[in-house]
Structures are given as C-alpha cells and as structure tokens.
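Below is one structure, written out as structure tokens, with a few remarks after it.
The values are calculated or read from the model by the stated rules, or taken from the named source; none is laboratory data. Since we're looking at a predicted model, the values are computed, not measured. Positions of Cβ are generated from backbone atoms using ideal geometry, with glycine treated the same way; all protein chains shown enter the neighbour counts. Calculation scope for accessible area: heavy atoms of the full protein, side chains included, ligands and nucleic acids excluded. Shrake-Rupley method; radii C 1.70, N 1.55, O 1.52, S 1.80 Å.
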Amino acid sequence: GDRCLLIDHVHKTWTGGTVDGFLTEMEREITQLAGKVQESYGLPRRETAPDKKAAPVKVESTGIEDKDGRKCLHYRILAGTELKEELWLDPSLKPAAYLPLEKFLPALNRFSAINAIFGRELRDPREFQTEQAIQAELARLFPLGLEVRSQEYRAGKLTYEKRVTDVREWSGDSARFEPPAGYQRVTYKEYLDASLPDVKNPLGSEDEKE
C-alpha cells in the first residue's frame, strides 16, 4: 500500500499516513525542531574552511560471516581510514522479494534526506557531507539482502547497534496492515517528542545524555 507507519513498541504508540503526506509532515516538524534547538542554544550554522574537505567514503566487503544464525554478507563503511559503520545482510531475503523497490527506494531516499535536516542545520558541514555519503552507500547496499545487524562507530567507539531478531513471513494484504491492537495513534510531533533523549548539549557526546 501507499502508506508509511512508524510504531513505538516502548510507548505503544504509532504514527503515519500516506507516504507523501507523512514525509511532508516529518520534514516540517524536523525543520522546526532544528530551528528551535539552534535558537535555544545560540548555535549558528557552522561553516567549513574552503581548503578542508570531508574524507572520502568507501565500502569494504569482507565476504560471508555467520551472524545471529544467518549466513550474511559483511560490509564495512569507512570515511578515510576511520570505521563508521558495519552491517550484515542476509542475501537469502532480498527486499525485492517483498517490496516494490521502484516505489520504495525513492521514499527511502527522501526519508533519509529528511532525517538529515537536523545535521545539515547544526553539524559541521564536513560531518554532514560524510553522513550523506554513508547514507548513499547504505541505499546502494539495501537491495542486496535483509539487514540482520548494523553497528555505528564514532572515534573508534561503538555508539549504536541495531539487530533484527524476529523474521516471519506475513501473507496478508499490505493495504490491510494495522498496528497492534491497543496502540494509540499520535501525531508525528508527539512521536518525535517521545523519542528524543534529554541532553545537556544536543551536539555533545553520548556521555552527556541524562
């Protein structure tokens, strides 16, 4: 179906709507949030000296690895020599088998661009350029298999890990899919507010989260 849904299993809420309408709502709310943070903390958009460029981003394939009981393709994404992300893809579950990629990939690219608004407005432009290059590589790798696990790094330290632990085939009609019973529908702004951590410095280190 032509819908985009986000489900929060912690707070038992969900938000979404038509793909175009929902992504437009996301773009509006994230842009407003970036402006509020910029104003609240007096953070001017940082500029990069013309003679400084972002490190080139490249992808390394290390072959097949066993990960969570699955034979996975293992990839490392580097900016220069710094490891930024690792991911493991199960090629036996290619997204094209269950998603119309000609419709999904443009929506995924727009979703990634919207999520990057915060970084575009507040982060060092070189960091933003690097992040955009990483997202482009992730989109290129997406059709190769189901992402079973991914890990993100900053300055050599693991900062984020995502795992897929429950994969089951659903034979129903996607147009009839509904969030779990009892989950409350909220606006994207409410969903976003509930997902934001409390921080002393919104651009600071992970250790500054309260």
* **the chain - mean residue ellipticity at 222 nm from DSSP helices (-39,500 (n - 2.57) per run, n ≥ 4, rounded to 500)** => -10500 deg cm²/dmol
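Find how much the distance from Glu60 to Val37 grows on full extension, using 0.36 nm per residue of separation minus their present alpha carbon separation; answer in nm with one decimal.
Here the answer is 4.7 nm.
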* **Flagged links, alpha-carbon separation over 30 Å, of Lys103/Lys162; Lys94/Lys162; Lys53/Lys94** => Lys53/Lys94
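How large is the Kirkwood hydrodynamic radius of segment 102-199, counting all unique pairs of alpha carbons, in Å? Intermediate results must be reported in sequence, preceding the final value.
On the way: mean 1/r = 0.0593 Å⁻¹.
Value: 16.9 Å, from the Cα pair sum.
Could you order peptides 14-24, 102-112 by the average number of other Cβ atoms within 10 Å of their residues, highest first?
On the way: 14-24: 16.5, 102-112: 14.5.
Going by the mean number of other Cβ atoms within 10 Å, highest first, we get 14-24, 102-112.
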* Sorting Glu121, Glu27, Glu86 by accessible area (1.4 Å probe), largest first, what list results? -> Glu27, Glu121, Glu86
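Quick one: which of 161-167, 69-75 comes out on top by average Cβ neighbours within 10 Å, and what's the full order, highest first?
Working: 161-167: 10.4, 69-75: 17.3.
The densest-packed peptide leads the list: 69-75, 161-167.
Taking all protein chains as present, what is the carbon and sulfur share of the accessible area of the chain, in % to the nearest whole number, probe 1.4 Å?
Values: 6730 of 13370 Å².
The computed percentage sits at 50.
Starting from the Cα gyration tensor of segment 63-128, take the square roots of the eigenvalues, sort them a ≥ b ≥ c, and report rounded, prolate or oblate (rounded when a/c is under 1.5, otherwise prolate if a/b is larger than b/c, else oblate).
Details: a/c = 3.40, a/b = 1.30, b/c = 2.61.
Oblate shape, in that a/c is at least 1.5 and b/c is the bigger or equal ratio.
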* To do: Return the distance in nm (one decimal) between the two label points of a simple spin-label model at Val10 and Glu127, each offset 7 Å from Cα along Cα→Cβ.
  => 2.1 nm
* For Ile64, Ile114, what's the largest-to-smallest order of accessible area, 1.4 Å probe? -> Ile64, Ile114
* Asked: Under a GNM of the chain (C-alpha, springs under 10 Å), which listed residue has the highest mean-square fluctuation: Ser150, Ser92, Ser171?
  -> Ser171
* Asked: In terms of the Cα gyration tensor, with a ≥ b ≥ c the square roots of its eigenvalues, is segment 22-178 rounded because a/c is under 1.5, prolate because a/b exceeds b/c, or oblate?
  -> oblate
* **Whole-number percent relative contact order across the chain, with pairs defined as alpha carbons under 8 Å at least 6 apart** => 25 percent
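Leaving ligands, DNA and RNA out of it, rank Glu127, Glu85 by accessible area with a 1.4 Å probe, largest first. Kindly include the intermediate steps, with their values, before the conclusion.
Details: Glu127 70, Glu85 15 Å².
Descending accessible area places them as Glu127, Glu85.
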